[in-house]
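To start, the structure under review is shown below, and the notes come after it.
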Amino acid sequence: MSELIPPDAQPPRYIVVEGPIGVGKTSLARKLAMTFNVEMLLEQAEENPFLARFYQSPSQYALQTQLFFLFQRTEQVRALAQNELFSPVRVSDFLLQKDRLFAELNLDQDEFALYDNVYRHLAPQAPKPDLVIYLQAPSQVLLQRIQRRGLSHEKSISADYLNRLNEAYARFFHFYDEAPLLIVNAADIDPIHRDDDYAQLLRRALDIRSGRHYFNPRPLAD
């Protein structure tokens, strides 16, 4: 493991990084996995053939997009559960519950009823995380980051959609109590490119064993 981790530290066995589009959850998950030298479980959004069409025409493609993600994520967490005993630490960039969060946000009443019926029949069960890191940032910051990374399927994402998504995440994590939770203000810090920011965040994460915690450090000057 990395020299950033104290020799006597006991890293969480299953770490999930979550947050809205553009907040940097996948980049942080990758960096954590490199630090711990462990396997990753990542969303495969680029494999969803409906996603780009959804961003262009949400009402027309929301159901197809959501059902594809539901089947994909269910298979991923089932594989994780089957292999749980054989890997000391894993890092993921999604909670299975986020699928329902997006479904409630994007589907109309009849579509959600169909989605819910499919979900109940699949009955997906994910292993409980030992730590969830929830990254937050204002919608305008998210939009700037999305535009900067320039992915073709994200070009149609609007500020209004990001506002609604941010609100949905805030509501979800306001009531979340299924695992230890670290809420991170990711607007002004850069744990991906600033080593000091990352080291602070990692130390904070390694100290958490239960409850709800916040990480809101003052950004370091360049």
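Just so it is clear, none of the values below were taken in a lab; they were calculated from the coordinates. Note that the structure is predicted; figures quoted are calculated from it, not measured. For neighbour counting, all protein chains shown are included, and Cβ atoms are generated from backbone atoms with ideal geometry for every residue, glycine included.
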Original post:
Helix by helix, which DSSP H runs in the chain go 18 Å or more along their axis at the Cα atoms and have an average Kyte-Doolittle hydropathy of -0.5 or more?
Top reply: 58-82, 159-175
**OP:** Quick one: give the max-minus-min coordinate of the C-alpha atoms of region 14-215 along each principal axis, largest first, in Å.
**Re:** 45, 38, 29
Original post:
Spin-label point model (7 Å from Cα, Cβ direction): what's the residue 114 to residue 171 distance in nm?
Top reply: 2.3
Original post:
Can you pull the percent of Cα pairs in region 111-178 with separation above 17 Å?
Top reply: 63
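Taking 0.36 nm per residue of separation and subtracting the Cα-Cα distance, what length does fully extending residue 192 through residue 122 add? Don't skip to the end; give the middle numbers.
Details: separation 70, 0.36 × 70 = 25.20 nm, distance 3.60 nm.
The span from residue 192 to residue 122 would gain 21.6 nm if fully extended.
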Original post:
Sorted from fewest to most neighbouring beta carbons within 10 Å, what does the list 39, 47, 18 look like?
Top reply: 47, 39, 18
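Could you tell me whether region 64-145 comes out rounded, prolate or oblate from its Cα gyration tensor? Rule is a ≥ b ≥ c as square roots of the eigenvalues, rounded for a/c under 1.5, then prolate if a/b exceeds b/c, otherwise oblate.
oblate
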**OP:** Can you tell me which of 191-203, 96-108 comes out highest on packing, and rank the rest after it, using the mean Cβ neighbours within 10 Å?
**Re:** 96-108, 191-203
**OP:** For a footprinting-style exposure proxy, rank 160, 93 by other Cβ within 10 Å, fewest first.
**Re:** 160, 93
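Please report the relative contact order for the chain, taking Cα pairs under 8 Å with a sequence separation of at least 6, and give it as a percent rounded to a whole number.
27
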Original post:
Based on the alpha carbon coordinates of region 161-222, what radius of gyration and maximum Cα-Cα distance (Dmax) apply, in Å?
Top reply: 13.3, 37
Original post:
Could you give the nm distance between label points at residue 214 and residue 199, where each point is 7 Å from its Cα heading toward the beta carbon?
Top reply: 2.6
Subject >> Placed amide H near residue 134: partners under 5 Å, 5+ positions off or other chain >> reply: 18, 182, 183, 184
